[in-house]
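For reference, the structure is listed below as structure tokens.
The values are calculated or read from the model by the stated rules, or taken from the named source; none is laboratory data. Since the model is a prediction, treat every value here as computed from it, not as a measurement. Because the Cβ atoms are built from the backbone with ideal geometry, glycine has one as well, and the counts that use them run over all protein chains shown.
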Amino acid sequence: MDQKQINDIAHTLHDARLSAQALPQFSASLKDFKREDAYSIQEKGIALRVNDGEKIIGLKMGLTSEGKRKQMNLDAPLYGMLTDTMQIEHEGRFSLQGSIHPKIEPEIVFYIDKDIKGKVTRDQVLESCSAVGAALEILDSRYEGFKYFSMEDVISDNSSSSHYILGPKTSDFKNIDLKNLEMKMYVNDELAQAGTSDAISGDPVVSVIQLAELLNQRGQFIPAGCFVLAGAATAAVNLEKRMQIKLEVQELETTKVSIDE
Ligand code: OOG
Ligand code: MG
């Protein structure tokens, strides 16, 4: 794929997001759509947002759990980039206006205070991490139907990023078994999705290791000062007006968001 095609697709996705208009998938009409082209489109799309004044402050891993891979019919982890304007405050409100077909999912966030580069161990990740927390990710897709896309389509679309909510930080996590935490997501106080944190890559710390490896393939790394969403532990839930969403993660602090009228 040449640079012009990369730029054109990035612009088309950018405009689809801003106008909340769904598109057909690109892989339906492109013959030779490669994973690296898709990440180049994602990067160009983020550059357009940075150009509009947004700051990249986080990264996300996705499709790290079986529940999510089944829901999306895709088979490998991917990543995306998160900016400051995508953040909704903990206990804040989110309006569905401007979204196409938003969903919400339960996640764990890692706060990184030392660069993580290349192949690293679990201990190296933990040493590079200053805090963890419960987090909710709001996804949206710029493609019609929000299902059965190719990996390349999703990656180009910044891995369906829309918004995120970070719960209060837990800095004293060295004695918490991060791969054995119960996670319960409630909609209007009814249990909607439940899982254990080991659904996320067998251990959410492994998601961070995998992210460093994926970034390394593109000559990049996880920079100090950013945060990483490790991927949803369960399938996502469609968002509707007036929903109250709450995520409880054992040992961590609860996070909440309310969906507007
Ligand atoms: C892709 C993004 C997946 C996760 O946590 O698994 C993701 C999608 O589901 O459209 O963010
Ligand atoms: Mg996610």
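General observations
- Any hit, region 120-132, residues being buried (at least 22 other Cβ atoms within 10 Å of the Cβ), under 16 Å from the mean Cα position of the chain (by Cα) and either farther than 24 Å from Leu215 by Cα or not β-branched (Val, Ile, Thr) (or both): no
- When Asn188, Asn180 are screened for being surrounded by fewer than 14 Cβ atoms within 10 Å (Cβ to Cβ) and either within 16 Å of ligand 1 (Cβ to nearest atom) or under 14 Å from Ile104 (Cβ atoms) (or both), only Asn188 passes.
- Residue within region 152-170 that is in contact with a helix residue (DSSP H, G or I) (Cβ under 8 Å, 6 or more places away or on another chain) and assigned to a loop (DSSP other than H, G, I, E, B) present: yes
- Failed item in (1) under 30 Å from Arg49 (Cα atoms); (2) surrounded by fewer than 24 Cβ atoms within 10 Å (Cβ to Cβ), with Asn175 passing the rest: (1)
- Scanning region 51-67 turns up at least one residue that is modelled with pLDDT of 95 or more and among the basic types (Lys, Arg).
- Within region 62-113, tally of residues that are part of a helix (DSSP H, G or I) and more than 10 Å from ligand 1 (Cβ to nearest atom): 5
- Considering region 191-213, and only residues there that are of a type in the set (Gly, Ala, Ser) and within 10 Å of Thr64 (Cβ to Cβ), the residue that is surrounded by the most Cβ atoms within 10 Å (Cβ to Cβ) turns out to be Ser207.
Rundown of residues vs (1) surrounded by 23 or more Cβ atoms within 10 Å (Cβ to Cβ); (2) touching a residue at least 24 places away in the same chain (Cβ under 8 Å), yes/no style:
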position	(1), (2)
Asp52	no, no
Lys55	no, yes
Lys60	yes, yes
Gly67	no, yes
Gln71	no, yes
Glu91	no, yes
His101	no, yes
Glu105	yes, yes
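- Conditions (1) more than 19 Å from Arg242 (Cα to Cα); (2) within 16 Å of ligand 1 (Cβ to nearest atom); number of the one not met by Ile56: (2)
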